[in-house]
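The structure appears right after this line, and notes come after that.
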Amino acid sequence: MKISLSYLPALIVLFLLCNIESRAQDTRSFFSVSGGYSLPVGELAREKLDDPFAGLTGSGIFGQANYDFRVARWIGLRASGSMNINKTNSQPILDKANSYAQFLNERYTWQSNVSNWKLNALMIGPALYINMNRVQLELHAQAGKIWANSPTVDLIGTSETGGEPITVNLKKASTTAFGLAGGASLRLPLSGALFFQLNADVIGAEAEINDVTIRAVRGSFDFSEKVSEKRFIGVVNVGAGFGIAF
């Protein structure tokens, strides 16, 4: 397809007008970092009978970095990376251990040692910007990849009747999955290009846990069992941070 040379001046003018309009916008990019409070959601956050993983995840903290590129005044593209560290609630494993004690017709006092849950994510997706004078509300929906590391749980049970001790161990497992995220941030200008922001995000995925072993041994008794299931895991992150517009 050929374009007549007579249209060339008009095309040049149109390009210049578009370029001027583009430069007329205050900023095209935003970079921000934030951190705050994290709560688990999904099956790992809710206690359920006969499920040693249900209710295993507790509250924690998160850190997040974001880069936004504004395509037009009200829409853009947002890339995010986040890291979550959440506490481990050993009670579901304790309940499982007590079921072994009932089988042995004994009662135990328990000493526990647990590590933390970890959930990392890289996400990208569209962002919507609503400008209210100098304040900006940003809304986003994203997709990407998550990496989850389950904790280790080590229990030592001492028999109240003087019998042999029992050890119960949940070993660390790692999994990756396709995840989705959504959230919002409220940006308040401070000085120059610097802004303060409040943000909230939900990150979740259907992750598969393969051959995670709960090992329980007491003398010649071995109650070890393996778990392989798909579960929805996720976090709700609420925090604050700072950013720069450029």
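The values are calculated or read from the model by the stated rules, or taken from the named source; none is laboratory data. Computed from a predicted model, the values in this text were never measured in an experiment. Cβ sites come from the backbone with ideal geometry, for glycine too, and all protein chains shown count toward neighbours. What goes into the accessible areas is simple: the full protein's heavy atoms, side chains included, and nothing from ligands, DNA or RNA. Shrake-Rupley method; radii C 1.70, N 1.55, O 1.52, S 1.80 Å.
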When every residue in region 73-114 that is open to solvent by 40 Å² or more (accessible area, probe 1.4 Å) and in a loop (DSSP other than H, G, I, E, B) is compared, the one nearest to residue 62 (Cα to Cα) is 89
Per the filter on region 209-223, residues surrounded by 12 or more Cβ atoms within 10 Å (Cβ to Cβ) and either in a strand (DSSP E or B) or out of contact with any helix residue (DSSP H, G or I) (no Cβ under 6 Å at 6 or more places or on another chain) (or both) are 209, 210, 212, 213, 214, 215, 216, 217, 218, 221
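Across region 144-193, which residue is most open to solvent (accessible area, probe 1.4 Å) among those that are assigned to a loop (DSSP other than H, G, I, E, B) and within 24 Å of residue 206 (Cβ to Cβ)?
This residue is 172.
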Log entry, pairs with first residue in region 195-210 being touching a residue at least 40 places away in the same chain (Cβ under 8 Å), second being open to solvent by less than 10 Å² (accessible area, probe 1.4 Å) and of a type in the set (A, V, I, L, M), beta carbons closer than 6 Å, six or more apart or on different chains, reads 203/121; 203/235; 205/146; 207/148
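Do we have any residue at all in region 58-65 that's open to solvent by 60 Å² or more (accessible area, probe 1.4 Å) and aliphatic (A, V, I, L, M)? Let's see the steps before the verdict.
So in region 58-65, the residues open to solvent by 60 Å² or more (accessible area, probe 1.4 Å) come out as 61.
Right, trim to aliphatic (A, V, I, L, M) and you get 61.
So far as region 58-65 goes, yes, one or more of its residues are open to solvent by 60 Å² or more (accessible area, probe 1.4 Å) and aliphatic (A, V, I, L, M).
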Apart from one, (1) assigned to a strand (DSSP E or B); (2) in contact (Cβ under 8 Å) with a residue 40 or more places away in the chain all hold for residue 118; the odd one out is (2)
Checked against (1) open to solvent by 60 Å² or more (accessible area, probe 1.4 Å); (2) more than 16 Å from residue 78 (Cα to Cα), residue 246 satisfies every condition except (2)
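Just to be sure, is residue 118 within 30 Å of residue 221 (Cβ to Cβ), basic (Lys, Arg) and modelled with pLDDT under 95?
Working: within 30 Å of residue 221 (Cβ to Cβ): no; basic (Lys, Arg): yes; modelled with pLDDT under 95: yes.
Answer is no for this residue.
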